[in-house]
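To start, the structure itself, in C-alpha cells.
The values are calculated or read from the model by the stated rules, or taken from the named source; none is laboratory data. The structure displayed is predicted, hence computed values, not measured ones. Positions of Cβ are generated from backbone atoms using ideal geometry, with glycine treated the same way; all protein chains shown enter the neighbour counts. In case anyone asks, the SASA skips ligands and DNA or RNA and just uses the protein heavy atoms, side chains included. Shrake-Rupley method; radii C 1.70, N 1.55, O 1.52, S 1.80 Å.
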Amino acid sequence: QVQLVESGGGLVQAGGSLRLSCAASGRSFSSYAMGWFRQAPGKEREFVGRITWSGGITAYADSVKGRFTISRDNNKNTVYLQMNSLKPEDTAVYFCAAGGGLYSSAQYYSYWGQGTQVTVSS
C-alpha cells in the first residue's frame with residue numbers, strides 16, 4: 001500500500017513556473033514507477049508524464065514536452081513535477097500516481113493522490 005500527497009499547486013501567471021511535489025508513504029516507494037496526470041473541468045484525466053523507479057527513464061505528453069520535467073528522490077520518497085512556461089491551458093487538477101510501469105494510461109496505476117489545483121492566468 002502506498003499513500004500519496006501532492007502539494008505545490010497554486011495560481012500563477014502565464015509564462016511562470018511551479019514545482020509540484022508528491023510525497024509517498026508506505027512500503028516500497030522506490031520500487032514503483034510514478035506518473036503525473038491532470039484533469040481540467042469537463043475533460044477526462046490525461047497523462048502528463050512518468051518516471052521509472054530508478055529515475056532513469058522519463059516520458060512526457062507532447063503538450064508538455066520541453067516545458068515540464070519529472071524527477072524523483074527515493075531517499076525522500078518524493079517525486080516532483082517542475083512546470084515552466086506555463087500556459088492557461090495547463091490549468092487543471094494535477095495528480096500523482098504510482099505503479100504504472102512503462103505505461104501512460106491511468107488504468108495501469110494502482111495508487112493515486114488527492115490532487116492539487118494549478119491555475120494559470122492569462
Legend entry - Cα-based reach from Lys65 at 19 Å (exclusive), listing aspartates and glutamates while leaving out same-chain residues under 8 positions away: Glu46, Glu89, Asp90
Inset, instruction - Could you rank the peptides 19-25, 51-57 by their average count of other C-beta atoms within 10 Å per residue, with the highest value first? - result: 19-25, 51-57
Legend entry - In nm, spacing of pseudo-spin labels at Ser31 and Thr52 (7 Å Cα→C-beta vector): 1.8 nm
Inset, instruction - Summarise the accessible area of the chain (1.4 Å probe, protein heavy atoms) by the percent that is carbon and sulfur. - result: 47 percent
Inset, instruction - Could you pull out every residue, at least 5 positions away or on a different chain, whose amide H is within less than 5 Å of the one on Ala59? Hs are placed 1.01 Å off N in the peptide plane, and Pro or chain starts have none. - result: Arg50
Inset, instruction - Please arrange Arg45, Arg27, Arg67 by accessible surface area, largest first, computed with a 1.4 Å probe and ligands excluded. - result: Arg27, Arg45, Arg67
Legend entry - Heavy atoms of Glu89 accessible to a 1.4 Å probe, total area in Å² rounded to 10: 130 Å²
Inset, instruction - Could you provide, to the nearest whole Å², the per residue accessible area of the chain with probe 1.4 Å? - result: 51 Å²
